[in-house]
Structures are given as structure tokens and as C-alpha cells.
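All of the numbers you see were taken from the coordinates with simple rules; none came from a lab. Worth saying up front: this structure is predicted, and the values here are computed from it rather than measured. Here Cβ is always computed from backbone atoms with ideal geometry, including for glycine, and neighbour counts include all displayed protein chains.
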Amino acid sequence: MPTWHLDNAEELAAQYQYTFYKPSPALLARIAPGDCVKLIFRFESTDSDAPAAERMWVVVDEVLAHGHFKGHLDNEPRYISDLKYADPVTFEARHIINTQLEDGEESLVDRYAKRCYVTRRVIDDAQLVGYLYREEPDDDEDSGWRITANDESKDYMDDAKNLAYVSLGVVLNLDDSFIDFLDEPAGSAYVRNPDTGHFEPCDDESSDV
């Protein structure tokens, strides 16, 4: 038995839809022999320094029925001992995480790639977003959004270790209940009503997040 198997990218994209890119069905339908696609080869290893998987390119040799493909490996694995450059690989559309083709559709990953400041109450302690406001962005990578659970103390907020600067997609993977407000302009602020669970506009009482 091989030491590796292919990850199901459809399952990963469903779990991490705002940060894990999966080519659109329309793009997958355009794949032809000679195209390159990227797959996740997950493997077992006794090497404690080895990653859990290698992401590698495969050249498509045949397009079969029902989303099946035959191809050959276009990389030399660094850790997988029983897989070599040019070895044959059979796979399905559900395994493909990227292609060298241009995707005409904007992905959720791209749409929510800009960054935000968020407290670790949200991203580490699994608290729902309770308050968010938007400042003028610091730079092109910054969305301007500042996000908290709305139960943090002043001392907590004053400690930089309690803040993270991540893509909006990272927060949305945990709680996307505020997604409809993300196109609102700087100066916008929303607080979650504890009785209804819904967000309501409020005054921007932003601190130095």
C-alpha cells in the first residue's frame, strides 16, 4: 500500500470556504491533456520535521468520464519516499486545488483576502463576533475592519499579544454572521444584540485596535 493518499479538496473548501481556494466547476470542465493541476498528497512519515502533506503539480495525460483523470507527477517529492517525478497519478476533479488556467470567477478567498485586526477571543477562544467597526485602511492589504467579541477588558485590549492581523477570511471561517456589512464604508460600526443575536448599527467607539 502507498504511504500517501490524495486529499479531498471539496471537503476542505467546504470547511474553510473563505481561505481555501478550489477551482470553479466551469474551470475544471476546461481542463485538457497537457494542462497542469495541483493536488495535495497527504502521507505518513516517521520524520518529525516532515509536513503532513506535499502540494505538487501533475500533468494531465487523459481526461476520463465523470470527473476522472490520468496524469503524471511534475514535481520531485521531498518527503514521500514511494512517489517519484513522472510517476503516474490517477485522480478526480474533487482532488484538484489549483490549475494553471485563468479562473474567470472571483473566489471567496480573493474577495476576503484583505486583512483585519481581530482579538484572540474570537480566533482562539471561539467567541462569536460581538462588535466590529471600520477605520480608514492603513495600507492596500488592510480592510480597515476591527473586530472583537465585545467582552474584552481595557487591559486585554491594551496587550498587543491579544490581537491578530489576519485575512477577513480567517474570521469568516469561524463566524460569518457579519458578512453582509463588509462592504460598508469607513466609519461604520455594528454591535450584536445579545437578545436577538442580530447586528445593529451603532456609534463607532473604536479603541486603538
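Rounded to the nearest 20 debye, the dipole magnitude of segment 120-202 is 300 debye, with +1 charges on Lys and Arg beta carbons, -1 on Asp and Glu beta carbons, and the Cα centre as origin.
For segment 1-102, the relative contact order comes to 32 percent (Cα pairs under 8 Å, sequence separation of at least 6).
Remark: the Cα gyration tensor places segment 1-97 in the oblate category, a/c being 1.5 or greater and a/b not exceeding b/c. Once the C-beta distance of Lys70 and Asp110 is scaled by a Förster radius of 45 Å, the resulting FRET efficiency is 0.90 to the nearest 0.05.
Using Cα pairs closer than 8 Å and at least 6 residues apart in sequence, work out the relative contact order for the chain, in percent. Reported as a whole number, the value is 18 percent.
For a test of understanding, tell me how many lysine pairs in the chain have Cα atoms under 21 Å apart, given they are 8 or more places apart or on different chains.
Close lysine pairs under the 21 Å cut-off: 7.
The simple Förster model, with R0 at 45 Å and r as the Cβ-Cβ distance, assigns Thr196 and Ala50 a FRET efficiency of 0.40. Entry note, the chain: the mean residue ellipticity at 222 nm calculated from DSSP H runs of n ≥ 4, each adding -39500 (n - 2.57), is -3000 deg cm²/dmol after division by the residues and rounding to the nearest 500. For segment 138-178, the gyration tensor built on C-alpha atoms gives an oblate shape. Its axis ratio a/c (a ≥ b ≥ c) is at least 1.5, and a/b is not larger than b/c.
For segment 113-209, just say rounded, prolate or oblate: build the C-alpha gyration tensor, square-root its eigenvalues into a ≥ b ≥ c, call rounded for a/c under 1.5, and beyond that prolate if a/b exceeds b/c, oblate if not.
Numbers: a/c = 1.23, a/b = 1.04, b/c = 1.18.
Taking the square roots of the gyration eigenvalues as a ≥ b ≥ c, segment 113-209 is rounded.
When mean projected area of the Cα convex hull in nm² is calculated for this entry, the matching label among [x] 13.5; [y] 14.1; [z] 15.1 is [z].
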